[in-house]
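Q: Supplied in structure tokens, the structure appears directly below.
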Amino acid sequence: MCHTPIWVTHLFLLVQREEKQLEASLDALLSQVADLKNSLGSFIYKLENEYDRLTWPSVLDSFALLSGQLNTLNKVLKHEKTPLFRNQVIIPLVLSPDRDEDLMRQTEGRVPVFSHEVVPDHLRTKPDPEVEEQEKQLTTDAARIGADVAQKQIQSLNKMCSNLLEKISKEERESESGGLRPNKQTFNPADTNALVAAVAFGKGLSNWRPSGSSGPGQPGQPGAGTILAGASGLQQVQMAQAGQTGKMPSGIKTNIKSASMHPYQR
Amino acid sequence: MEAPPVTMMPVTGGTINMMEYLLQGSVLDHSLESLIHRLRGLCDNMEPETFLDHEMVFLLKGQQASPFVLRARRSMDRGGAPWHLRYLGQPEMGDKNRHALVRNCVDIATSENLTDFLMEMGFRMDHEFVAKGHLFRKGIMKIMVYKIFRILVPGNTDSTEALSLSYLVELSVVAPAGQDMVSDDMRNFAEQLKPLVHLEKIDPKRLM
């Protein structure tokens, strides 16, 4: 039986568990970063080699892919099982200007030497001085305007975005159904009937007589009939005249009929 | 004097009886351009053909109640073209499945003394008009878009006045009797002109 107290064993187990967690999360992080690196590489290749054939949707696709991968990376980092990497410290133990084959293999040929030139770049934890300056500026601005002003700004931005989205979707919908415009008449059914009647039996054209008129060509008014301009007012005048002299044509009717009888019909 | 419905008669010889299948509609003046564009796209590819015709309708009144009607048509813009004499029978109604108006049709090309000949035969002119418009063709289908002008002084084709603010649109096929599938083709073509123009079979007797 060991003389180590219980709390020492518990501590030891805790540390082991943490180490396992750290390793697991490091592996996950590594795979995510590798995916990100691959998609970045393919995007760069696309930009460099296919720039003349590149279309905006294709560029958007690449950006969307990168954005998605960054999102999953963030999720992995925020995962509860991930220990805070902030608490880990990496200290370079040996720096040498000699070529390190192992390192070359691990970094796919990108870092041949673990020397004092490489270390500050690769092991840095702080961002660039300009970036750090900008971030500090932004944080002071955000702190300056106060919480409720910030909230109001957020709300107005959200509202504007939703308005814009609504407008766009409405335009899209309307342009599709814009084909049917019921208020623009392209034909008039009354006109159709008038034209068909004109072609079929001369309704509305000159020499139009009301159906049931007596004999071909009233002898009393040949002039009135032909000068008729087809206006309804004049037609009524003609009919009134026919009514007045109604007695006369009936007498002449039989004569006209016998005259118009075709000789060859006998 | 009217011939019996031709589709019921056996073909015993002589000339084949031709039937005219007809669909009519109209289009307002301001929509004419769009209709012409659509027809140019749908119809056979040819130079847009315009026509200016003067049509005179002659009646021969006999003992029967209904007179015999003949239509004489001459071209006013094409010199030297023959005159066109046409007989159109009564439309055969009753068949609801037939989508077009069908009537017996006889077309004859004549020389220029047609009117004198008809007057000598006893015909009298009933009415006349001037038709001005466009002509399109698609296979055996003929599409005419024309405006009807009333002649103010009889015999004088210069003094004319438009009858309405619309153009008459006619889709017609002249085919031997019995070919009713022609009306199906016509209806399909008419579908493509909607909603600009509604081509339908209009019974002229309803409009008397």
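Q: Would you please classify the overall shape of region A:1-88 from the alpha carbon gyration tensor, given that a ≥ b ≥ c denote the square roots of the eigenvalues, rounded means a/c under 1.5, and beyond that prolate means a/b larger than b/c while oblate covers the rest?
A: On the way: a/c = 6.59, a/b = 4.15, b/c = 1.59.
Prolate shape, in that a/c is at least 1.5 and a/b is the bigger ratio.
Q: Which value in deg cm²/dmol, rounded to the nearest 500, describes the helix-derived mean residue ellipticity at 222 nm for chain B, given -39,500 (n - 2.57) per DSSP H run of n ≥ 4 and division by the residue count? Intermediate values should be presented prior to the final figure.
A: Working: 3 runs with 31 residues, N = 208.
One gets -4500 deg cm²/dmol as the mean residue ellipticity at 222 nm.
Q: First check a/c for chain B, with a ≥ b ≥ c the square roots of the eigenvalues of its C-alpha gyration tensor; if it is under 1.5, answer rounded, and if not, answer prolate when a/b is larger than b/c or oblate otherwise. Numbers along the way, then the final one.
A: Details: a/c = 1.62, a/b = 1.08, b/c = 1.50.
Oblate shape, in that a/c is at least 1.5 and b/c is the bigger or equal ratio.
Q: Rank these by accessible area, largest first, 1.4 Å probe: B:Thr115, A:Thr125. Don't skip to the end; give the middle numbers.
A: Working: B:Thr115 30, A:Thr125 135 Å².
Accessible-area ranking of B:Thr115, A:Thr125, largest first: A:Thr125, B:Thr115.
Q: Let me cross-check A:Lys81: its accessible surface, 1.4 Å probe, with only protein heavy atoms counted, in Å² to the nearest 10?
A: Looks like 120 Å² after rounding.
Q: Turning to a different aspect of this structure: Comparing B:Ser75, B:Ser111, B:Ser26, which has the greatest mean-square fluctuation in the GNM of chain B with Cα pairs linked when under 10 Å apart?
A: Among B:Ser75, B:Ser111, B:Ser26, the largest GNM mean-square fluctuation belongs to B:Ser111.
The values are calculated or read from the model by the stated rules, or taken from the named source; none is laboratory data. What you see is a predicted model, and the numbers here were worked out from it, not measured in a lab. To get the accessible areas, we keep the full protein, side chains included, count just its heavy atoms, and leave off ligands, DNA and RNA. Shrake-Rupley method; radii C 1.70, N 1.55, O 1.52, S 1.80 Å.
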